[in-house]
Structures are given as C-alpha cells and as structure tokens.
Amino acid sequence: ARLGLKPRVVLSAADTDVIKTYVREGFGIGIIASLAYSTTSDSDLQIRDLSRLFPWEVTRIAYNRDKYLRRYEQRFIELMQHMVADDGVFLPEVPGLRRG
C-alpha cells in the first residue's frame, strides 16, 4: 500500500510448506517469512529480499480461549509479551494474564 501496490491474493495459507509446495508446482509466487526458508531443503526456490515492502515479521501466540491454560503456558505468554513490550510494539490485552 505504501508504494501504491495492491496485491491480488488468490490463496492464503498458514503453513509455509503449503505455500512452497504450490510455488514448486507452478501456481505462482509466494511470500513467506525469512525464517521459513531453508538453504538446504529449499535451494530449488529463488528468494528475494522484500524487507522494504514488509519491514516486520508478525508472530502471534494462539490459544483456545475455551480451554484452561496451565500456569506454565500463562507464564510463557507473559514472558513473550514482556519481551515484545521492551521493543515498543503494541501489545493487545490477553484475558486472565497480568503484566508487570
């Protein structure tokens, strides 16, 4: 959007292996996080640096709000939130978890 481009997304997948498989099968190009590319197993794929278009990589923690979170799971989420908070990134409120 910043450069006036409007991508036409025809497929979205949460699993990068699915995206890489579709690219290998000739269904177009895919955009994946740099951490999802392996120089050994993905050497058949060409990569390009798009950091000027996508200056950040988003990682989220997902959990089932209808299931009980064990204390160590709650603590893990709290620790991750504090690590991100130190970088100045906005943190949404997670019900039942404390900060500080």
Quick one: dipole size for the stretch 1-57, taken about the Cα centre, charges +1 on Lys/Arg Cβ and -1 on Asp/Glu Cβ, in debye to the nearest 20. 400 debye
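Give the peptides 18-24, 63-69, 5-11 in descending order of average Cβ contacts within 10 Å, highest first. Numbers along the way, then the final one.
Numbers: 18-24: 15.7, 63-69: 9.1, 5-11: 7.0.
So the peptides 18-24, 63-69, 5-11, ranked by packing, come out 18-24, 63-69, 5-11.
Coordinate-derived values only; no laboratory data. Not measured: the values here are computed from a predicted model. Cβ: placed from backbone, ideal geometry, glycine included. Neighbour counts: every protein chain shown.
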